[in-house]
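One structure is given below, encoded as structure tokens.
The values are calculated or read from the model by the stated rules, or taken from the named source; none is laboratory data. Keep in mind the model is a prediction, meaning the values are calculated, not measured. As a convention, Cβ positions derive from the backbone with ideal geometry for all residues, glycine included, and neighbour counts pool all protein chains shown. Just so you know, the surface numbers come from the protein's heavy atoms only, side chains and all, with ligands and any DNA or RNA stripped out. Shrake-Rupley method; radii C 1.70, N 1.55, O 1.52, S 1.80 Å.
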Amino acid sequence: MKSAQLHRLEASPADQDNLSLPAWIYHDPEFFEHEKRTIFRQAWQVVCHLSDIPKAGDFHTFEFLGESLVVMRTEDGGVRAFHNVCRHRAARLLDGTKGHCGKLITCPYHAWTYSLDGRLVAVPQKDSFKGLDTAKHALAMLEHEVFLGFVFVRFEPGLPSVREMAAPYLHEMQPYRFEELVPMGRVSLRPRRVNWKNVADNFSDGLHINVAHPGLTRLFGKGYGIEARPWIDKMWGTLRDTPSSNWSERAYQRFLPPVAHLPPERQRLWTYFKFWPNVALDIYPDQIDFMQFVPLSATETMIREISYVHPDTRREMRAARYLNLRINRRVSLEDKVLIERVQSGMASSSYCAGPLAESEVCLRSFARRMRRMIPESQLPHAPPRGWSHG
């Protein structure tokens, strides 16, 4: 049953477009559990790039919402996504973040064996399982989508495809030849003691750049742009010609070489895209990163990311990629401090929601969708416990 407070809001809706989301939804455990059901079950999550699983039997795993998922390269060169769980007694099948299992997936508990496309092909002592229909005990599949070489999965249908989400900016992404990328390094995991929305808000916040990121300000000046479309945000900045006073930034400006497949206007452009609700692509001339804000609890998030590159042995490119890492490591540490400050403040009895500037288009768009998907996001304070089960 809806709270009387929510009924009043719906009966006489106030214009909340000028307000940020209320503080309670950034730390309330019941709200977080509701988000898991109503937002993240339908949300596309990036797992890996096709270049991470080049051969049949190569796999990449992903832990999400307390479940283990796996993306697998099959014998025919295709891709499948499964729950990483045996259909016999629920044992985890494949260990590690990535690996190679050969031509078959064999459970380490009772040796139930599956083909790479998920079919159950061998059961020890099969005759003792009366009436066992192996066709009904194939691995539980997940819907997947390959978008420009990146493999996305989701638990349930509901949201538009990744390609549909990206449609307003697809023409900007295509020159980067995503399909030809290869991994540089491995997936890194960075825990943050904040709500996932805090990370998402900060990622699309343009107002803090010139205040809290002096390095980006030295690189871009005041020319940092943001805009929002229904399912995707865009942020960008173009490197200035004026040499930075910081040696890493100055060296990056100097050494970043031309990239033959990029048009002139993208040679010095940094662009960031954030897909609803928690996946981002950071696009630089020298490399492309994916970044995920993986929700763990109401006040814990794991940032998952990895860089991909086009093979390039030029010394200038190697230097540029190293310097990119140094610059963005500093930005990441600055953001860590910022989001922890905000998370702490969300617990203050003095704070409910703050005003949003007209220029804060991404935060407005995010808040608007949250209020549509979970109407309780309109409430200034948490409703009585049990509201999400009414």
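Part of a helix (DSSP H, G or I), of a type in the set (Ser, Thr, Tyr) and touching a residue at least 24 places away in the same chain (Cβ under 8 Å) - does that describe any residue in region 363-386?
Checked region 363-386: at least one residue is part of a helix (DSSP H, G or I), of a type in the set (Ser, Thr, Tyr) and touching a residue at least 24 places away in the same chain (Cβ under 8 Å).
Has region 107-126 got at least one residue that is open to solvent by 50 Å² or more (accessible area, probe 1.4 Å), over 18 Å from the mean Cα position of the chain (by Cα) and either within 30 Å of ILE283 (Cα to Cα) or free of Cβ contacts under 8 Å to residues at least 12 places away in the same chain (or both)?
Looking only at region 107-126, we keep the residues that are open to solvent by 50 Å² or more (accessible area, probe 1.4 Å), and these are 108-110, 117, 119, 121, 124-126.
Next, only the ones that are over 18 Å from the mean Cα position of the chain (by Cα) stay: 108-110, 117, 119, 121, 124-126.
With either within 30 Å of ILE283 (Cα to Cα) or free of Cβ contacts under 8 Å to residues at least 12 places away in the same chain (or both) added as a condition, the list becomes 125-126.
Within region 107-126, one or more residues are open to solvent by 50 Å² or more (accessible area, probe 1.4 Å), over 18 Å from the mean Cα position of the chain (by Cα) and either within 30 Å of ILE283 (Cα to Cα) or free of Cβ contacts under 8 Å to residues at least 12 places away in the same chain (or both).
I want to confirm something. Restricting to region 138-164 and keeping residues that are aromatic (Phe, Trp, Tyr) and in a strand (DSSP E or B), which single residue is nearest to the chain's Cα centre (by Cα)?
The initial filter retains those residues of region 138-164 that are aromatic (Phe, Trp, Tyr), namely 147, 150, 152, 155.
With the extra rule that they be in a strand (DSSP E or B), the set shrinks to 147, 150, 152.
Details: PHE147: 14, PHE150: 12, PHE152: 10 Å.
That would be PHE152.
Which one of these does LEU94 not meet: (1) in contact with a Lys or Arg (Cβ under 9 Å, 6 or more places away or on another chain); (2) among the aliphatic types (A, V, I, L, M); (3) closer than 30 Å to PHE275 by Cα; (4) not in a strand (DSSP E or B)?
All conditions pass for LEU94, except number (1).
Among SER388, SER307, which is modelled with pLDDT under 95 and open to solvent by less than 30 Å² (accessible area, probe 1.4 Å)?
Working: SER307 fails: modelled with pLDDT under 95.
Selected residue: SER388, the only one of SER388, SER307 that is modelled with pLDDT under 95 and open to solvent by less than 30 Å² (accessible area, probe 1.4 Å).
So, of the residues in region 196-214 that are over 24 Å from the mean Cα position of the chain (by Cα) and not aliphatic (A, V, I, L, M), which turns out to be surrounded by the most Cβ atoms within 10 Å (Cβ to Cβ)?
So the first thing to find is which residues in region 196-214 are over 24 Å from the mean Cα position of the chain (by Cα), and the list is 210-211, 214.
Next, only the ones that are not aliphatic (A, V, I, L, M) stay: 210, 214.
On the way: ASN210: 14, PRO214: 17.
Only one residue fits best here, namely PRO214.
From the set of residues in region 182-195 that are of a type in the set (A, V, I, L, M, F, W, C) and open to solvent by less than 40 Å² (accessible area, probe 1.4 Å), which is nearest to GLN343 (Cα to Cα)? Break it down stepwise before answering.
Taking region 182-195 and keeping what is of a type in the set (A, V, I, L, M, F, W, C), we get 182, 184, 187, 189, 194.
Narrowing further to those that are open to solvent by less than 40 Å² (accessible area, probe 1.4 Å): 187, 194.
Values: VAL187: 26, VAL194: 6 Å.
The extreme case among them is VAL194.
Answer yes or no: is there a residue in region 140-157 that is within 30 Å of ARG329 (Cβ to Cβ) and among the charged types (D, E, K, R).
Scanning region 140-157 turns up no residue that is within 30 Å of ARG329 (Cβ to Cβ) and among the charged types (D, E, K, R).
Just the residues that are part of a loop (DSSP other than H, G, I, E, B) and open to solvent by less than 40 Å² (accessible area, probe 1.4 Å), please, taken from region 61-76. Full working, then the answer.
Taking region 61-76 and keeping what is part of a loop (DSSP other than H, G, I, E, B), we get 65-66, 74-76.
LEU65, THR74, listed by residue number.
For a quick check of your reading of the model, give me the residue pairs whose first member lies in region 153-181 and is over 21 Å from ARG229 (Cα atoms) and in contact (Cβ under 8 Å) with a residue 60 or more places away in the chain, whose second is basic (Lys, Arg) and assigned to a loop (DSSP other than H, G, I, E, B), with beta-carbon atoms closer than 6 Å and at least 6 apart or on different chains.
PHE155/ARG41; GLU156/ARG41
Would you mind finding the one in ASN324, ASN328 that is open to solvent by less than 10 Å² (accessible area, probe 1.4 Å), under 18 Å from ARG186 (Cβ atoms) and part of a helix (DSSP H, G or I)?
On the way: ASN328 fails: open to solvent by less than 10 Å² (accessible area, probe 1.4 Å).
Answer to the selection: ASN324.
Check region 339-352 and report whether any residue there is in contact (Cβ under 8 Å) with a residue 40 or more places away in the chain, under 18 Å from LYS274 (Cα atoms) and either outside any helix (DSSP H, G or I) or open to solvent by 30 Å² or more (accessible area, probe 1.4 Å) (or both).
no
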